[in-house]
Amino acid sequence: MKNSYPQFKSIQIKNVRHWQTGDLTELLIAEGKFVPELGCQAELVLDGQGLTVLPGLIDAHVHLRDPGFEYREDIISGTRAAAHGGFTAIAPMPNTNPVADTVPVIRYMIDKAAVAGFCRVLPIGAATKKQEGQELSEIGLMTEAGAVAFSDDGLPIASASMMRKAMEYAAFFDRVIISHCEDPELAKDGVCNEGIVSTEMGLKGIPSIAEDIMIDRETRLAEYLGCPVHIAHVSTANGVECVRAAKARGVKVTAETCPHYFTLTEEAIRGFNTLAKVNPPLRTESDRLAIIEGLQDGTLDIIATDHAPHHADEKDCEFSLANNGLIGLETCFPLVYTRLVEPGHLSLADAVSKLTSNPAHLLKQPKPGLEAGLVADLVLVDLEETVIYDAASSLSKARNTPFQGFELRGFPQLTIMAGNITWDSGRLAAK
Amino acid sequence: MAKIQPLTAEERAIRRTAEDAVTQLSSRHLLGMQELSPAEIMLILDTAFVMKNILSVQTKKTAHLQGRSVITFFAENSTRTRLSFDMACKYLGATTSNIGSSESSIRKGENLFDTVKTLEMMSTDILVMRHPQSGAPHYVAERIDASVVNAGDGMNEHPTQALLDMMTMIEYKGSIKGLKVAITGDAMHSRVMRSNVWGLTKAGAEVRVAAPPTMTPRHLEHMPCRVCHDVREACEDVDVIMGLRVQLERQRSALFPSVNEYAHFFGIDSECLDLARPDAIIMHPGPCNHGVEMPTFIHEHDRSVIHEQVANGVAVRMAVLFLLNAKRNAEINYEESTR
């Protein structure tokens, strides 16, 4: 399946609100770029009245399951879901089969996404061969092939000495190591946050210190080596504090969190709700509030989805046996808008930066924006209309979301990547 | 230990007419003590005393569950729970069958839903299940029409154990209200502890839990109990001392240095008995690791009611099956009347 939306050499979008200034503006696109003027009538003229325009969103952390687990998701369904969620670039983690630890897998992912034409794929290569934490993978060659960062993600590198080598080696190629911070021994067999809920429900918990200790280790390593490091999906209050302190010391550390960590707490698993089972686990209310604070003061640079599609059967089972993770591409911006911007925790501009320029910087991508000369990546969102989210609307193969029935605003109506329409709700009237 | 004279049928009838009393369970499943209201707990216990009378006569047979089918599905080992459910069914006249995980298709990789659906499709009315995963009965209950009775799920709950413990306490203490109960041992892995804390506190008891620090689940103090790390502190002035089984099969790594050290610091000894009330009773859900949770002389002490607990286990399970069947009948009647 390929992108079959009609495409136009030139597009004019009138009457849209600019995400930074709030002013009504007009966008002109020709040959895939924003232009100051067209010099002729645009092939497509759209009226964006009531909508707000943002640069195309960039997700620094997704799972596309392709190659190897196409029954959960593949590059086509995953990139369609991304376009549906307003993304124009997404960075998949390497836990595929085979693992994305060699050039052919990296090329396969980029090319398959390019042919489909829904969203750019910026692969994250495995930091160690087969994500086994034993030997460095071919970081240099994968970088040449288009890998934007390196990580063993869900199989965290247990050895500090191995992590040191990965950070030093990747830095030589101007690439960052992304660390899923979890001490495997402390977290062993855990299925949810260790705390009141795990104790009451009789579930084995994952203590917050399993995350905190590893964030501390990574920031100390980065400080000692002078290398950059990126902390994936921060979920704990002490983790936020640890990153904040490291930044104050001048460590080259960046960090991300996900919409579920500022929206939900461990209470969401009550009743053995496998849809809220995720790793790192949903934590406590005080952690949730600390995550919001971290986003406010810039400690947390990036909002990523950790989009993790699973087959229905992998969630429809006993809680302890259910897979971790939730789909997030299509609810990301609405959650950011409804749960962070509307209540006043973040300005729209700050929130959008965490979904555009900050991840672009991490992943060595050109600076996103709507200015003339830049690649025409954009999304038009409706900040007014309330939608009761229904996972049935998802373009992902998976439906594992804990946000079913949430009342949200900010759903994307039109996504354009390099001048091509990649998602169109049909709401915009052509003039 | 002397038992308190049980309530007569008339006295019980009077209590049943009290304002907060209920005559029926609100759910057709029994998943945990968390899900039961105090009035429902009293209903089950009152019914259990009636059932116990049936057990005391020579012809131990009734027709309350005649024509009903009960399957006991035990995906974990059990002697007393499984057998007492089986006996309870038979005393009530139900058709019963047993299946364990070692002889079931779980061994062939069949998932839980397919397994229980298969069991249900054999015209099963009530499915009694034990499972190593917390929440497994809750998962099943949402997906089948048969009634589900939780006979122990992972570390979560074991409601019929808590009910039989409460029944035993009533036999010896007259009432749960106002009792001080010490629960000692492996609190982290214990579904018996969790069910007893929920149930006893709903019935008005004060519960203390004493466990080694490595066997104390985090934030246990947020459950309705007082957390003591010292067994002796917990036993002071209590009416009931309940030892928990050290669940060697559920421990993922050694949580105490040796059995010897465990027994020395965390076992129930004569000092604990001296600290407790002179008429305090000793309980244990079994099976007991003699010399670990308590030495044999305490297990067989004249204040020990451990064997009586087993007898009450049958009565409580009869009561649960009887009441769930009544609830099912009521639901069916309601459906027919509204058809």
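The values are calculated or read from the model by the stated rules, or taken from the named source; none is laboratory data. On a predicted model such as this, the values are computed, not experimentally measured, just so you know. Here Cβ is always computed from backbone atoms with ideal geometry, including for glycine, and neighbour counts include all displayed protein chains. Calculation scope for accessible area: heavy atoms of the full protein, side chains included, ligands and nucleic acids excluded. Shrake-Rupley method; radii C 1.70, N 1.55, O 1.52, S 1.80 Å.
Just one of the numbered conditions (1) at pLDDT 95 or above; (2) within 14 Å of chain A (Cβ to nearest Cβ) is not true of B:I241: (2). Exactly one residue out of A:T356, A:T422, A:T415 is at pLDDT 95 or above, among the polar types (S, T, N, Q) and out of contact with any Phe, Trp or Tyr (no Cβ under 6 Å at 6 or more places or on another chain), and it is A:T356.
Looking only at the range B:102-118, residues that are in a loop (DSSP other than H, G, I, E, B) and within 13 Å of chain A (Cβ to nearest Cβ) come to 3 in all. Look at A:G125 and say whether it is under 21 Å from A:T356 (Cβ atoms) and buried (at least 23 other Cβ atoms within 10 Å of the Cβ). Against the criterion (under 21 Å from A:T356 (Cβ atoms) and buried (at least 23 other Cβ atoms within 10 Å of the Cβ)), A:G125 does not qualify. Residues in the range A:186-235 that are within 14 Å of chain B (Cβ to nearest Cβ) and of a type in the set (K, R): A:K188, A:K204.
Here A:G239 does not fit the description of being crowded, with 23+ Cβ neighbours inside 10 Å, without any contact (Cβ under 8 Å) to a residue 24 or more places away in the chain and of a type in the set (G, A, S). The single condition among (1) more than 10 Å from chain A (Cβ to nearest Cβ); (2) over 29 Å from B:M51 (Cα atoms); (3) open to solvent by 10 Å² or more (accessible area, probe 1.4 Å); (4) touching a His at 6+ places or on another chain (Cβ under 8 Å) that B:R226 does not satisfy is (4).
Of the residues making up the range A:216-256, those that are within 19 Å of A:D153 (Cα to Cα) and in a loop (DSSP other than H, G, I, E, B) are A:C227, A:P228, A:A232, A:H233, A:V234, A:S235, A:T236. Name every residue in the range B:285-334 that is basic (K, R) and open to solvent by less than 10 Å² (accessible area, probe 1.4 Å), in order of residue number. Within the range B:285-334, B:R317 is the sole residue that qualifies. Residue-level check: of (1) in a helix (DSSP H, G or I); (2) over 30 Å from B:K117 (Cβ atoms), B:T59 misses just (1).
Within the range A:9-19, can one find any residue that is within 15 Å of A:L374 (Cα to Cα) and without any contact (Cβ under 8 Å) to a residue 12 or more places away in the chain? No, the range A:9-19 has no match at all. For the range B:40-57, a residue qualifies if it is without any contact (Cβ under 8 Å) to a residue 60 or more places away in the chain and surrounded by fewer than 18 Cβ atoms within 10 Å (Cβ to Cβ), and the qualifying residues are B:N53, B:S56, B:V57. One residue stands out among those in the range B:137-156 that are under 16 Å from B:N77 (Cα atoms) and within 11 Å of chain A (Cβ to nearest Cβ): the one that is most open to solvent (accessible area, probe 1.4 Å), which is B:M155.
Taken over the range A:257-288, residues that are touching a residue at least 40 places away in the same chain (Cβ under 8 Å) and assigned to a helix (DSSP H, G or I) amount to 13.
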